[in-house]
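For reference, the structure discussed in these notes is given below.
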Amino acid sequence: MATTRQRVNLTLTDMEQRLLEAIVTGGTTEHEIFVNYLERTGQAETDRSPVVADVVHVLLKLGIERLEEEAAEISYAAEAASTTDADRAIIAELRDRHLATAARDDG
């Protein structure tokens, strides 16, 4: 199944360029760490070494995942902050009912 990806042009700093080159150069520590990460996550392609685009794609994916985690944390915190005493009382009553039902079913 063919996929199309949007092309993006990046302007890298010298440090970013050096790091990307180290990651795609076999025999470097950075390359070994990156390949080990790909193997652990099931993303390794055994027929070829990673190229810069592969590295950028993985880093972008990791960044997006982290942003999604942070957004979820903010959402949960906002929901918790908006919970009133009445909401907490209802939640406690529902929890107590559930525990009482579970205890009856076990007995």
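In region 25-41, what residues are assigned to a helix (DSSP H, G or I) and either loosely packed, with under 12 Cβ neighbours inside 10 Å or more than 17 Å from the chain's Cα centre (by Cα) (or both)? Working first, answer last.
The first filter runs over region 25-41 and keeps only residues assigned to a helix (DSSP H, G or I), leaving 29-40.
Across region 25-41, the qualifying residues are THR29, GLU30, HIS31, GLU32, ILE33, VAL35, ASN36, GLU39, ARG40.
Looking across ARG18, ARG5, one residue alone is exposed (fewer than 12 other Cβ atoms within 10 Å of the Cβ) and among the basic types (Lys, Arg). It is ARG5.
If you go through region 84-102 one residue at a time, do you hit one that is surrounded by 10 or more Cβ atoms within 10 Å (Cβ to Cβ), closer than 25 Å to ARG5 by Cα and either at pLDDT 95 or above or of a type in the set (Ser, Thr, Tyr) (or both)? No: region 84-102 contains no residue that is surrounded by 10 or more Cβ atoms within 10 Å (Cβ to Cβ), closer than 25 Å to ARG5 by Cα and either at pLDDT 95 or above or of a type in the set (Ser, Thr, Tyr) (or both).
If only one of ALA44, ALA22 is assigned to a loop (DSSP other than H, G, I, E, B), in contact with a helix residue (DSSP H, G or I) (Cβ under 6 Å, 6 or more places away or on another chain), aliphatic (A, V, I, L, M) and without any contact (Cβ under 8 Å) to a residue 24 or more places away in the chain, which one is it?
ALA44
I need the full set of residues from region 49-73 which are under 20 Å from ARG7 (Cβ atoms) and part of a loop (DSSP other than H, G, I, E, B), in order please.
Filtering region 49-73 down to residues under 20 Å from ARG7 (Cβ atoms) leaves 50-61, 63-64.
Scanning region 49-73 gives PRO50, VAL51.
Against the test of being of a type in the set (A, V, I, L, M) and surrounded by fewer than 11 Cβ atoms within 10 Å (Cβ to Cβ), the options ALA72, ALA53 yield a single qualifying residue, ALA72.
The values are calculated or read from the model by the stated rules, or taken from the named source; none is laboratory data. Since the structure is predicted, the reported quantities are computational estimates derived from the model, not experimental observations. In this analysis, Cβ positions are derived from the backbone assuming ideal geometry, glycine residues included, and neighbour counts consider all displayed protein chains.
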